[in-house]
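Structure, as structure tokens:
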Amino acid sequence: MSFIPNPLITDIIRRIGSEGFRYLGPFIAVGPCFKEIVYSREVLLDVDLDEFMFNTRLGREESIYRPFLLRCAAEGHKTARYIESLRRLTQVGVSVDVLEMLGEVGYSDLYTMFGFAVMLLCCGSYEQGMIVNRTFMARFETL
């Protein structure tokens, strides 16, 4: 692909990934040049990981998609960090590090805010959990 500048290819792949992470599979399979672009920070931060939210089997330790999720989480992708922190909290156990990881993204959208409030309440941090829960409830006009 010496005819197309690398930043343009990166932007194209980033836009494709923002439609769904599965669309990036063929680029990984093509070879090391495209694999490097797919695993670049720009692409990993913008990839759509909503399927991981609704199909939790994708994030399990035995899943073939887990290494991709972990790469996204390492780069700071909010959804990936949310999913990984919930997995650790529920399967490994409560720790300050994992609660902090969940707290980093706790206000990014409604899913994470609700999950953060529930985990704080379950871990015994009642006051902080209720503050986050009130913030969550304030986002709804009617519920």
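Couple of notes before you dig in:
- Restricted to segment 50-107, and to residues there that are among the acidic types (Asp, Glu) and over 21 Å from residue 119 (Cα atoms), the residue that is modelled with the lowest pLDDT is 61.
- Counting the residues of segment 131-143 that are in contact (Cβ under 8 Å) with a residue 12 or more places away in the chain and assigned to a helix (DSSP H, G or I) gives 4.
- Scanning segment 83-120 for residues that are closer than 19 Å to residue 49 by Cα and either acidic (Asp, Glu) or touching a Leu at 6+ places or on another chain (Cβ under 8 Å) (or both) gives 83, 84, 85, 86, 102, 104, 109, 112, 115, 116.
- Residues that are open to solvent by 100 Å² or more (accessible area, probe 1.4 Å) and under 14 Å from residue 82 (Cβ atoms), drawn from segment 111-143: 111, 114
- When restricted to residues that are surrounded by 16 or more Cβ atoms within 10 Å (Cβ to Cβ) and touching an Asp or Glu at 6+ places or on another chain (Cβ under 6 Å), segment 22-44 contains 1.
- Which numbered condition residue 15 misses (of (1) under 28 Å from residue 115 (Cβ atoms); (2) at pLDDT 90 or above; (3) surrounded by fewer than 19 Cβ atoms within 10 Å (Cβ to Cβ)): (1)
- Helices (runs of 4 or more DSSP H) contained entirely in segment 1-119, each with at least 1 residues that are within 12 Å of the chain's Cα centre (by Cα) and not acidic (Asp, Glu): 41-46, 50-54, 66-75, 78-87, 96-104
- The listed residue being without any contact (Cβ under 8 Å) to a residue 60 or more places away in the chain, open to solvent by 40 Å² or more (accessible area, probe 1.4 Å) and of a type in the set (Lys, Arg), out of 66, 71: 71
The values are calculated or read from the model by the stated rules, or taken from the named source; none is laboratory data. Being a predicted model, the structure only gives us computed values, none of them experimental. All Cβ positions, glycine included, derive from the backbone under ideal geometry; neighbour counts span all protein chains shown. Please note that ligands, DNA and RNA were not included when accessible areas were found on the heavy atoms of the full protein model with its side chains. Shrake-Rupley method; radii C 1.70, N 1.55, O 1.52, S 1.80 Å.
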